[in-house]
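K.L.:
Sharing a structure, written as structure tokens. Questions coming.
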Amino acid sequence: MEMPAPDPAILAKKPRLIERLQAVLPADAVIHNDHETRAYECDALTAYKCPPLCAVLPASTEEVAAVLKICHQEGVPVVPRGSGTSLAGGALPTADSVILGVARLNDVLETDYDNRIIRVQSGRTNLSVSGAVEEEDFFYAPDPSSQLACAIAGNIAMNSGGAHCLKYGVTTNNLLGVTMVMMDGTVVKIGGAHLDAGGLDLLGVICGSEGQLGVVTEATLRILRKPEGARPVLMGFNSSEVAGACVADIIKAGVLPVAIEFMDRLCIRVTDEFSGAGYPDCDALLIVEVEGSDAEIDEQLGMILQIARKHDPVELREATSADEAARIWLGRKSAFGAVGRINDYMCLDGTIPVTELPYVLRRIGEMSEEFGLEVGNVFHAGDGNMHPLILFDANKPGDLETCEAFGAEILKLCVEVGGCLTGEHGVGIEKRDLMGAQYSDADIEAQLRVKDVFDPGWLLNPAKVFPLAVTEARRLGPPAAA
Amino acid sequence: MLDTLPGEAEIADRIRAATGPLRIIGGGTRSIGVTDGAVLETSATAGVRLYEPGALTVVAGAGTSLDEIETLLASENQALPFEPPRLGNVLGKPGNSTIGGVVAANASGPRRIQVGACRDSLIGVRFVDGRGDVIKNGGRVMKNVTGYDLVKLLAGSYGTLGVLTEVAFKVLPAPASRATLRVTGLNVADAIRAMSAALGSPFEVNGAAHIPSGEGGQPETLMRIEGFAESVTYRLGRLTELLAPFEPVSTEEDPAAISQIWEQVRDVTPFADVEGDLWRLSVKPSDGAEVAARLPEAQLMFDWGGGLIWAIVPTGCDLRAAVQGIPGHATLMRASDDTKASLGVFHPDPAPLAAISTKLRSEFDPRGTLNPGLMG
Ligand SMILES: Cc1cc2nc3c(=O)[nH]c(=O)nc-3n(C[C@H](O)[C@H](O)[C@H](O)COP(=O)(O)OP(=O)(O)OC[C@H]3O[C@@H](n4cnc5c(N)ncnc54)[C@H](O)[C@@H]3O)c2cc1C
């Protein structure tokens, strides 16, 4: 993955830039020594690293505005950063960019149970948003597996999803408003505790814009009352195809579980060894979770199990206690970590129409043989959001490149069957050059025009999302006037 | 996806050849703004392109009638989650609502509080922009973060960014069973408190409305639950307990009566024959009582737990001025053209946002061809 060469003129003005930034921020909020900037050299796509020119950690919207104004005047690119858990390289810096981290913006500003909203600063972690309303039995629904670490800022930028989004939707469906600082330092407030936009839905296009339109400093989020209870059931099958067919039948029957998660043999084995979840030895495993009172759960699980039995399961295990429920989820929730322990891997994120699951799984298996790299599959089956994990050896010359080529083929397959390149992780640098597989030149141009409006100088996270060649003229265009 | 869709090339040609403004019309039942220009219809794009019940997705030409889509989904016991309203009656614009019009207006009914607005179920669009270029965004899968989300931007853009030619939705199973709980005699503040209590419970209330002069002129506060039969019965019981302080509470379990109640709320039919201007406000639910206090002469109806307010006010009355300072927005839905021109149909955005919206419009429609001036 190529990144644009740093601009020597910007590198040369580092001392002046640091001095100006130090004038608007506390001393410890401007990080510019080489050994310290390394902490910001990558996100969770660790194959790509580059320390930034410097990193800043503002603690208020005003400080963010002051930083952006300076960078705008100096024509310096800015890469916003939440917790750095992006799997797509969304927060990867270039050597001539400033990392703007929002980690110090982590306060809860308002909780309002009557109106079912919470207002937080954007650096607050996803899980701690739910934590802030737990006492009243409320929660914030989108739950990425990285929720202990990832920030609301990153969730908004990537429009992140989670295991329970089949029922509750992804970030954009739970976001009501933001305070955002534009690249020139202007502060805008969009949306709020009321629903929907009175004019154009700017909030809708800001969510998922990967830090390219503005720096989000505050967010108003929808919170929900916790269900009375939840119970998962684990189902083992003899083939991925059969498991896929079972998913389609459950959905068609009109039952809508909160989650339907899928794992194939490789992932079952690895996560079981790692977590001791006690998974059965089989080709495909589904975890289906439903919510409600005990009686409601019994009613729904009854229907689901009846459907599952028609597909010759090798095992059906209903959780009978909180402890058993936790054990069923344990392996799934630690899947990425477990695979990471045995191997280097690349995690893909394409989405396909649920009906294409059996075909796509078979093709991935065939391609795995062609490329000579193993693949594990673990994903949100209810909505077709796949996560093929391609195993490779980072120390073996050429392996990363083979892995990337294999990954690209899988993503193209997803698009071919009617799906998309990324369901929740974002494009970042990782899928940047594949955008043409999904979108025509005109489709991409329409998106670039949106960026032109919000950030005419193309200074915010400029080398992401779109193929570099396509954005070159805009990125290298005349810098915004001082 | 096809390279061209029925009717799409013709729409693109019309736009490219246009020398003046075009007025875009789907079914014409939601045309609330004032624009002139030659009429551009979307009817040639009509037709369902794909329906996969097992994947919970439907894709249709923008000119397809809403009726056709809802009938098709019902044949598989599915439905559009957001319960699109039919406003032709209350707006005095009879006709056959199209799905493209629903999207262009981001029209969403009572269930919006639980499952989101039209824009939340919308997963893909194709449209022709003001340059005559065909653009697609999103697709036909539920989870998609590939590039910017222009799907949301197009929803509710009233044809000012592009002419929609195709739309794709996530659909949901239709509820097997439903019930409605009714509290009579509450004032607005208590009604909103009751609805907040219900919506903040774990019992999945997916409709919460208050009609100050309901059946027999009595105020009625209505709450709906849907799902499998046993679950509905259970939740109905628990909610009745929860709302006991707001008595008298009664329940409605007759399916026909329930449909009628919620269609009324959805389509605002009680205001169809009431004289005066019709406004639609979106506010924080707990601000609903303050809105009512500021509008003593208005007739009101509340949906979305109090957050969506329909108001009939004397003709020409500037409702926005009356509710000044309450966060949210107010749209002038029905009034004379003069009133619409002087007060503005859409809520003015604060200056920096208005500047962004204006620039977006001029990027998508540089010649100002598509419904010019409609939204600002
Ligand atoms: C083990 C693991 C599991 C994961 N599981 C999931 C999952 O289940 N679902 C899912 O969707 N994702 C998942 N992810 C991906 C990742 O956690 C999400 O993309 C997350 O939202 C990133 O948040 P962050 O705060 O770490 O953002 P970062 O990585 O710091 O940044 C992500 C993007 O957001 C932008 N950004 C950051 N802050 C701002 C701001 N203030 N304003 C504007 N833009 C900003 C950045 O520029 C970048 O483009 C997982 C990652 C890991 C490592």
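The values are calculated or read from the model by the stated rules, or taken from the named source; none is laboratory data. In this text the structure is predicted, and so the values were computed from the model without any measurement. Heads up, the Cβs are rebuilt from the backbone with ideal geometry, glycines too, and the neighbour counts pull from every protein chain shown. Note: accessible area is taken over every heavy atom of the protein model, side chains too, but ligands, DNA and RNA are not part of it. Shrake-Rupley method; radii C 1.70, N 1.55, O 1.52, S 1.80 Å.
K.L.:
So for the protein assembly as shown, taking the charge dipole from beta-carbon charges (+1 Lys/Arg, -1 Asp/Glu), which of B:91, A:166, A:326 sits furthest toward the positive end?
P.N.:
The Cα lying farthest towards the positive end belongs to B:91.
K.L.:
Which angle from 0 to 90°, rounded to the nearest 10, does the C-alpha axis of helix A:240-252 make with the longest principal axis of chain A?
P.N.:
90
K.L.:
Under a GNM of chain B (C-alpha, springs under 10 Å), which listed residue has the highest mean-square fluctuation: B:364, B:169, B:127?
P.N.:
Highest fluctuation of the listed residues: B:364.
K.L.:
Using Cα springs under 10 Å in a Gaussian network model of chain B, which residue among B:205, B:167, B:274 shows the largest mean-square fluctuation?
P.N.:
Checking each option, the largest mean-square fluctuation is seen for B:274.
K.L.:
Tell me the carbon and sulfur percent of the accessible area for the protein assembly as shown, rounded to whole percent, probe radius 1.4 Å.
P.N.:
On the way: 14840 of 29820 Å².
That share works out to 50 percent.
K.L.:
What percent do you get for the relative contact order of chain B when only Cα pairs under 8 Å and 6+ apart count? Mind dumping the intermediate values first?
P.N.:
Numbers: 812 pairs, mean separation 69.2, N = 376.
In percent, rounded to a whole number, it is 18.
K.L.:
Can you tell me which of B:219, B:296, B:270 moves the most in a GNM of chain B? Springs connect C-alpha atoms under 10 Å apart.
P.N.:
B:296
K.L.:
While we're here: Using helices alone, what [θ] at 222 nm do you get for chain A, with -39,500 (n - 2.57) per DSSP H run of 4 or more residues, divided over all residues and rounded to the nearest 500? Could you put the intermediate results ahead of the total?
P.N.:
Numbers: 18 runs with 177 residues, N = 482.
Helix-only estimate at 222 nm: -10500 deg cm²/dmol.
K.L.:
Rounded to the nearest 500, what is the 222 nm mean residue ellipticity of chain B from helices alone, with -39500 (n - 2.57) per DSSP H run of 4+ residues and division by all residues? If you can, show how the numbers build up before the last one.
P.N.:
Values: 14 runs with 113 residues, N = 376.
Roughly -8000 deg cm²/dmol at 222 nm, from the helical runs in chain B.
K.L.:
While we're here: Show me you know the interface measure: the accessible area buried between A and B, both chains summed, probe 1.4 Å, in Å² to the nearest 100.
P.N.:
Numbers: alone 19810 and 16550 Å², together 29820 Å².
Heavy-atom accessible area buried at this interface is about 6500 Å².
K.L.:
Rounded to the nearest 10 Å², what accessible area does residue A:345 show when all protein chains are kept and the probe is 1.4 Å?
P.N.:
Near enough 60 Å² of accessible area.
K.L.:
Let me know the charge dipole size of the protein assembly as shown about its Cα centre in debye, to the nearest 20, where only the beta-carbon of Lys, Arg (+1) and Asp, Glu (-1) is charged. Before the final figure, lay out the partial values.
P.N.:
Working: 72 positive and 112 negative charges, 340 e Å.
My answer is approximately 1640 debye.
K.L.:
Moving on. So, with +1 on the Cβ of K and R and -1 on the Cβ of D and E, and no other charges, what is the size of the charge dipole of chain B about its Cα centre, to the nearest 20 debye?
P.N.:
Numbers: 33 positive and 43 negative charges, 198 e Å.
Dipole of chain B, to the nearest 20 debye: 960 debye.
K.L.:
Among the lysines, which fall within straight-line cross-link reach of residue A:431, defined as a Cα-Cα distance under 30 Å, with same-chain neighbours fewer than 8 residues apart omitted?
P.N.:
A:49, A:167, A:333, A:396, A:412, A:451, A:464, B:136, B:143, B:152, B:170, B:359
K.L.:
Moving to a separate point now. Starting at the first residue of the stretch B:164-180, write each ³J(HN,Hα) from the Karplus equation 6.51 cos²θ - 1.76 cosθ + 1.60 with θ = phi - 60°, in whole Hz, x for Gly and Pro.
P.N.:
Coupling constants for the stretch B:164-180: 5, 10, 8, 9, 10, 10, 7, 10, 9, x, 6, x, 6, 7, 8, 8, 10 Hz.
K.L.:
On a 0 to 90 degree scale, rounded to 10, what angle separates helix B:229-242 from the longest Cα axis of chain B?
P.N.:
It is inclined by approximately 60 degrees.
K.L.:
How big is the stretch A:6-62 by the Kirkwood estimate over distinct Cα pairs, in Å?
P.N.:
On the way: mean 1/r = 0.0803 Å⁻¹.
It is 12.4 Å.
K.L.:
Under the definition of partner shielding as Cβ atoms of other protein chains within 10 Å of a residue Cβ, what is the mean value for peptide B:280-288? Let's see the in-between values first.
P.N.:
Values: counts 1, 2, 6, 5, 9, 8, 4, 3, 0.
The mean count of partner-chain Cβ atoms within 10 Å per residue comes to 4.
K.L.:
Over the stretch A:8-101, what is the mean sequence separation of C-alpha contacts under 8 Å (at least six apart), divided by residue count, expressed as relative contact order in percent? Show your work: numbers first, answer last.
P.N.:
Values: 161 pairs, mean separation 32.6, N = 94.
Over the stretch A:8-101, the number comes to 35 percent.
K.L.:
In what sequence, highest mean first, do A:326-336, A:420-430 appear when ranked by Cβ atoms within 10 angstrom? Could the numbers behind the result be given before it?
P.N.:
On the way: A:326-336: 20.4, A:420-430: 27.8.
Per-residue mean Cβ counts within 10 Å order the peptides as A:420-430, A:326-336.
K.L.:
Tell me the relative contact order for chain A as a rounded percent, counting alpha carbon contacts under 8 Å between residues six or more apart. Don't skip to the end; give the middle numbers.
P.N.:
Numbers: 1014 pairs, mean separation 70.3, N = 482.
The value is 15 percent.
K.L.:
I've got another one for you. Compute the distance in nm between two label points, each set 7 Å from the Cα along the Cα-to-Cβ direction, one at residue A:396 and one at residue B:247.
P.N.:
7.5
K.L.:
Another question about this same structure. How big is the gap, in Å, between the Cα center of the stretch B:1-45 and the Cα center of the stretch A:161-216?
P.N.:
Rounded to whole Å, the Cα centres lie 30 Å apart.
K.L.:
Using a 10 Å cut-off on Cβ atoms, rank the peptides A:152-163, B:7-18, A:377-388 from the highest mean neighbour count down.
P.N.:
On the way: A:152-163: 28.5, B:7-18: 17.4, A:377-388: 26.3.
Going from most to least packed, we get A:152-163, A:377-388, B:7-18.
K.L.:
Another question, then. How are the alpha carbon pair distances in chain A distributed across 10 Å bins from zero to the largest one, expressed in percent?
P.N.:
Answer for chain A: a P(r) of 4, 20, 29, 26, 16, 5, 1, 0 percent.
K.L.:
Only Lys, Arg, Asp and Glu count, each charged at its Cβ (+1, +1, -1, -1), so figure out the dipole size of the stretch A:107-214 about its Cα centre, rounded to 20 debye.
P.N.:
Working: 5 positive and 13 negative charges, 58 e Å.
About 280 debye.
K.L.:
Working from Cα positions, state the angle (0 to 90°, nearest 10) between the long axis of helix B:351-364 and the longest principal axis of chain B.
P.N.:
Taking Cα atoms only, the helix is inclined about 40 degrees.
K.L.:
Quick one: Cα centre-to-centre distance for the stretch B:100-148 and the stretch B:170-223, in angstrom?
P.N.:
The two parts, judged by their Cα centres, are 28 Å apart.
K.L.:
To the nearest 0.05, how large is the calculated FRET efficiency for residue A:341 and residue A:316 if R₀ is 35 Å and r is the Cβ-Cβ distance? Intermediate values should be presented prior to the final figure.
P.N.:
Numbers: r = 29 Å, r/R0 = 0.83.
Efficiency, rounded to the nearest 0.05: 0.75.
K.L.:
What's the Cα-based Rg to Rh of the protein assembly as shown, Rh via Kirkwood? Spell out each step's value before the answer.
P.N.:
Details: Rg = 26.3 Å, Rh = 27.7 Å.
Rounded to two decimals, Rg/Rh equals 0.95.
K.L.:
Please compute the Cα-Cα pair-distance distribution of chain B with 20 Å bins starting at 0, giving whole percents from short to long.
P.N.:
28, 57, 14, 0
K.L.:
Let me ask you something else. Based on the mean of other Cβ atoms within 10 Å per residue, sort peptides A:368-375, A:36-43, A:187-194, B:82-89 so the most packed one is first.
P.N.:
Details: A:368-375: 15.4, A:36-43: 18.1, A:187-194: 21.0, B:82-89: 22.8.
Highest to lowest by the protection proxy: B:82-89, A:187-194, A:36-43, A:368-375.
K.L.:
Over chain A, average the accessible area per residue using a 1.4 Å probe and give it in Å², no decimals.
P.N.:
Details: 16580 Å² over 482 residues.
Value for chain A: 34 Å² per residue.
K.L.:
Suppose each label sits 7 Å from its Cα in the direction of the beta carbon; what would the residue B:354-residue A:303 distance come out to in nanometres?
P.N.:
Result: 5.0 nm between the two label points.
K.L.:
Roughly how crowded by other chains is peptide A:442-455, in terms of the mean Cβ count from those chains within 10 Å of each of its Cβ atoms?
P.N.:
That average works out to 6.
K.L.:
Taking each residue of B:194-203 in turn, how many C-beta atoms of other protein chains fall within 10 Å of its C-beta, and what is the average? Could the numbers behind the result be given before it?
P.N.:
On the way: counts 0, 1, 4, 1, 0, 5, 10, 3, 10, 6.
Rounded to a whole number, the mean comes out at 4.
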